[in-house]
Amino acid sequence: MAGVLLAAIAPAAAAHPDKPGTPGGGAVDLGPNVRVFDPSTPVEEIQAVLDATHAEQVDAEMGTKRQAFLFKPGVYGSAEKPLQIKVGYYTEVSGLGAQPTDVVIHGKVEVYNRCLTEGGTANCIALVNFWRTLSNLTIDIDAAGQDECRASANFWAVSQAVSLRRLDITGGTLSLMDYCTAGPQYASGGFIADSRLPQVTNGSQQQWLTRNSEVAGWSNGVWNQVFAGVEGAPDDAGFPTPPYTTLDTTPLSREKPYLYVDSAGKYQVRVPTARRDTRGVSWADGLTPGRTIPLRDFFVATPRSSVKDINRALAQGKNLLLTPGVYDISRTIEVKRANSVVLGIGHATLTAVNGAVPMEVADAPGIIIAGVTIDAGTRLSPVLLRVGKKHGHGHASPDNPTTLSDVYFRIGGPHIGKTRTALEVNSDHVLIDHTWVWRADHGVEGFTDTQRWRINTGINGVIVNGDHVTATGLFVEHFQEYNTIWNGEHGRTVLYQNELPYDPPTQADWMNGRTQGWAGYKVSDRVRHHTLHGGGVYVFNQNNPEIHTENGFEVPRRPGVRLHHIMTVNLSAGTIDHVVNGVGEAADMTKVGQPVYITEYP
C-alpha cells in the first residue's frame, strides 16, 4: 500500500517461554518467543505483558521480532477486569482449545490505526497494518473503562497478511476500520474464515474476503467485498451497489491446522480435512473434521535449527513446527512426504540467503504449508516457494489437495530483495487459502523509487502451471511484469486483489512488447476453462503519473473462461485504459477513487 514515514523501531524484549519439556507432554518448549498463559495467570500480569509487547511492536513494521501468545482453555478477564489486548506487528494471539469456545477472552482484542503526523494524532490509517494473526478463541466483547468511541466496537483495522480464523465473537460489534481517530481512516483488505461473527462494520475496508462463516449482519463496502459459504452474507444482486460478491458455498476449502492442548494437558495439532461446496463454520457440530497429530511427531524448529537438521527430520517422517523468529535459509527446505504438515506460529519467517529457494514441495497429496512468511534475500532467487515439479501432475489428489494457508511473501521492505517469481505452483489439485505476495513499495531507506525499481526486483508474483488449482483470497502486489499468470486448466479464484507497481520510471520500463504495461491478472491464451469471482486491479504510478496500462485483466475469449464482478480503480496516479481485453472505461485521473466495474465477462 501507499508508502509512509516509518517511526523508529525499538528492539523488542524476548517473551518468556513455556516450561521446557518433551514435545507432546504437558510442558513444552516452544522457544523464547512464545508465551503460554493459563487461567490461573492474574489478568493484570497478562495485560502488562501484552501492553509492553504492543508498545514495542506497534510501529515495528520492518522489525525482526516475532512472537506468539497462546491461551490454554479457560476464561480470561471478567466484568470487573476485562482483558483488553492490542495486537502489533508480527504477533499471533491464539487459543489452545480444541474448539474456539474453549478459550474465552472477556474484553477485547484490537488493532487501531497508526497515526503518522502531528505527534501521532493525525493522518490516521490502517493501510500498513500488516502481519497479525488472531485465531481459535471466543471474544466476549466488554469495553469497560474505554471512552465512548472506543467502547462502541471491537476494532480490527488492518490490511494485508492479517487473518482471523476460528473465532466466536459475541456481545457487541466488530469494526474493520478505526473511526475513532483523526482521518483519513483508510484500510485495505483482510480475511476471515471459519468464524461466527456479530454485526460487522466494514467501514473503509477496500477489499475483504469472508469465507465459511456466520455473520449477524454486514454494513456497507468500498470496492470489493467477497463472501463464500457465509451464513447471513448480504445479497449481491445489486452489484456494484453495494460492491458485494456472494457465493452460496465455497467450492473447495480446508481450514488451517491449529495447535491445541487436550484434556490430558498434551499438545496436539489438529489437521482439518478438505471439503467441497461447504457453508458455515467447521466446528458447528463439534470438533472440526480431520486428524490429530501429537506434537511429538513434529520437529520443533527455532531460528538456530539448520536446514540440514530440518530436512533430516522431514525425511524421517516428522512434521515441522516453525516457532517464531527469522530463519536464514541458504539451502532448500524439502517437503516430500505425502500428508506432511509444516506449521509456522508467530509469523515465522524464512529469508533466502545467497539466492536459495527457501522451500520446495513435492508432487504428493495432502501436504500442508501454513502460517509461514517467506522473504527474498539480497541475491536473486529463481523462486521463493515451488510446489511440484514442472508439469509434474502424476501424484495429485482432488480430495486431498496440497494446501497453502496464510503463506505470505515479501520482496524488499526491511532490506533489498530479489526473486524472479515468488510462488510457482506446478502440481495439480492445489488449494491456496489466503496469501499476500508483496513486492514492497516502501521500507528500504536510502533509495529513490527509480533506484528501487532497478534493485528491488520481482518479475512475477504468482505463476500457476497446475490444473485444478483453487485460490481463496489471492492478494498479489507491485510486481514488474504480470503479477499473476495462470497457465493451468480449471483454475478458480475467489477474491483477487492487486496493485500494479508504483515505481516504473518511464513508460518504456512498463511495456509488454508493443502493449503498454502488464495486466494485474493474466490467464494464458491456451487456457479453456477458468473462473474468477471478485477481482480488483488498482493503479498508483506515483513515480510517473503519465504511465498507462492497457488492461487490468487479460484472459482468452472463450465461453469456458468467466470473470464475475471485476473492477479497476485509480488511486491518484497513472491510468488503466480498460478493465479486461479492451472492455471497460479508463480508470484515469478523472475517476480517482471511483471503480470501473464489469459485472460479467464475457
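The values are calculated or read from the model by the stated rules, or taken from the named source; none is laboratory data. Keep in mind it's a predicted model, so treat the numbers as computed, not measured. Don't worry about glycine lacking a Cβ; one is built from the backbone with ideal geometry, like all the others, and counts go over all protein chains shown.
Taken together, the residues in the range 360-390 that are in contact with a Lys or Arg (Cβ under 9 Å, 6 or more places away or on another chain) and charged (D, E, K, R) amount to 4.
Looking for whichever is buried (at least 24 other Cβ atoms within 10 Å of the Cβ) and on the phi < 0 side of the Ramachandran plot here; the options are GLY466, GLY473. Which one fits? Break it down into steps so the answer makes sense when it comes.
Working: GLY473 fails: on the phi < 0 side of the Ramachandran plot.
Exactly one residue qualifies, and that residue is GLY466.
Looking across the range 432-463, the residues that are buried (at least 21 other Cβ atoms within 10 Å of the Cβ) and either of a type in the set (A, V, I, L, M) or within 19 Å of ILE367 (Cβ to Cβ) (or both) come down to ILE432, ASP433, HIS434, THR435, VAL437, ALA440, VAL462, ILE463.
Somewhere in the range 236-246, is a residue crowded, with 20+ Cβ neighbours inside 10 Å and of a type in the set (A, V, I, L, M)?
Residues of the range 236-246 crowded, with 20+ Cβ neighbours inside 10 Å: 236, 243-246.
With of a type in the set (A, V, I, L, M) added as a condition, the list becomes none.
No, the range 236-246 has no match at all.
With respect to THR64, determine if the residue is closer than 21 Å to THR349 by Cα, of a type in the set (Ser, Thr, Tyr), surrounded by fewer than 21 Cβ atoms within 10 Å (Cβ to Cβ) and more than 18 Å from the chain's Cα centre (by Cα). When the stated conditions are applied, THR64 passes them. Could you grab me the full set of residues in the range 586-602 that are loosely packed, with under 15 Cβ neighbours inside 10 Å and either over 13 Å from GLY534 (Cβ atoms) or in contact (Cβ under 8 Å) with a residue 60 or more places away in the chain (or both)? Scanning the range 586-602 gives MET589, THR590, VAL592, GLY593, GLN594, THR599, PRO602. Screening the range 256-345 for strands (runs of 3 or more DSSP E) wholly inside it with 2 or more residues that are under 28 Å from LYS65 (Cα atoms), free of Cβ contacts under 8 Å to residues at least 60 places away in the same chain and assigned by TED's automatic domain parsing to the domain that holds ALA370 returns the ranges 298-301, 319-322, 326-329, 333-335.
Quick check on my filter: what residues within the range 575-602 are assigned to a loop (DSSP other than H, G, I, E, B) and within 14 Å of ALA519 (Cβ to Cβ)? Explain how you work it out, then say what you get.
Taking the range 575-602 and keeping what is assigned to a loop (DSSP other than H, G, I, E, B), we get 581-582, 584-586, 588-591, 593-595, 602.
Hits for the range 575-602 are ASN581, GLY582, GLY584.
Within the range 50-81, the set of residues being in contact with a Gly (Cβ under 7 Å, 6 or more places away or on another chain), assigned to a loop (DSSP other than H, G, I, E, B) and either within 16 Å of LEU167 (Cα to Cα) or without any contact (Cβ under 8 Å) to a residue 60 or more places away in the chain (or both) comprises VAL58, ALA60, PRO73.
Considering each residue of the range 570-579, count those that are polar (S, T, N, Q) and either at negative phi or crowded, with 24+ Cβ neighbours inside 10 Å (or both), and give that number.
The number of residues fulfilling the criteria is 2.
Can you confirm whether the range 168-179 contains a residue that is free of Cβ contacts under 8 Å to residues at least 24 places away in the same chain and surrounded by 24 or more Cβ atoms within 10 Å (Cβ to Cβ)? No, there is no match, as no residue in the range 168-179 is free of Cβ contacts under 8 Å to residues at least 24 places away in the same chain and surrounded by 24 or more Cβ atoms within 10 Å (Cβ to Cβ). Report whether or not ILE374 is within 20 Å of ASP428 (Cβ to Cβ) and either in the same structural domain as SER397 (by TED's automatic domain parsing) or crowded, with 21+ Cβ neighbours inside 10 Å (or both). Against the criterion (within 20 Å of ASP428 (Cβ to Cβ) and either in the same structural domain as SER397 (by TED's automatic domain parsing) or crowded, with 21+ Cβ neighbours inside 10 Å (or both)), ILE374 does not qualify.
Pick from GLN47, GLN84: which is modelled with pLDDT of 95 or more, polar (S, T, N, Q) and assigned to a strand (DSSP E or B)? Break it down stepwise before answering.
On the way: GLN47 fails: assigned to a strand (DSSP E or B).
Sole residue among the options that is modelled with pLDDT of 95 or more, polar (S, T, N, Q) and assigned to a strand (DSSP E or B): GLN84.
Applying the criterion of at least 1 residues that are under 22 Å from VAL342 (Cα atoms) and among the hydroxyl-bearing types (Ser, Thr, Tyr) to the strands (runs of 3 or more DSSP E) found wholly in the range 357-467 leaves 368-375, 381-387, 402-411, 418-425, 430-439.
Rundown of residues vs (1) in contact with a strand residue (DSSP E or B) (Cβ under 9 Å, 6 or more places away or on another chain); (2) at pLDDT 95 or above, yes/no style:
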| residue | (1), (2) |
| --- | --- |
| ALA422 | yes, yes |
| VAL430 | yes, yes |
| VAL444 | no, no |
| GLN451 | no, no |
| GLU477 | yes, yes |
| ARG514 | no, yes |
| GLY520 | yes, yes |
| VAL537 | yes, yes |
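Scanning the range 139-152 for any residue that is within 22 Å of the chain's Cα centre (by Cα) and within 19 Å of HIS54 (Cβ to Cβ) turns up at least one such residue. In the range 124-146, the condition of being under 24 Å from VAL476 (Cα atoms), at pLDDT 95 or above, among the basic types (Lys, Arg) and out of contact with any helix residue (DSSP H, G or I) (no Cβ under 9 Å at 6 or more places or on another chain) is met by at least one residue. Pairs meeting the criteria (first residue in the range 498-527 and touching a residue at least 60 places away in the same chain (Cβ under 8 Å), second residue in a helix (DSSP H, G or I), beta carbons under 8 Å, at least 6 apart or on different chains) are PRO501/TRP453; TYR502/ASP449; ASP503/ASP449; ASP503/THR450; ASP503/ARG452; ASP503/TRP453; GLN516/GLN507. Restricting the range 513-569 to residues that are of a type in the set (Asp, Glu) and over 28 Å from ASP236 (Cα atoms) leaves a set whose member that is surrounded by the most Cβ atoms within 10 Å (Cβ to Cβ) is GLU550. Being modelled with pLDDT of 95 or more and out of contact with any Asp or Glu (no Cβ under 7 Å at 6 or more places or on another chain) narrows it down to one residue among ARG279, ARG296, ARG196, ARG254; which is it? When all the criteria are applied, what remains is ARG296.
Restricting attention to the range 443-460, the residues being closer than 21 Å to TRP518 by Cβ and either in contact (Cβ under 8 Å) with a residue 60 or more places away in the chain or touching a His at 6+ places or on another chain (Cβ under 8 Å) (or both) number 5.
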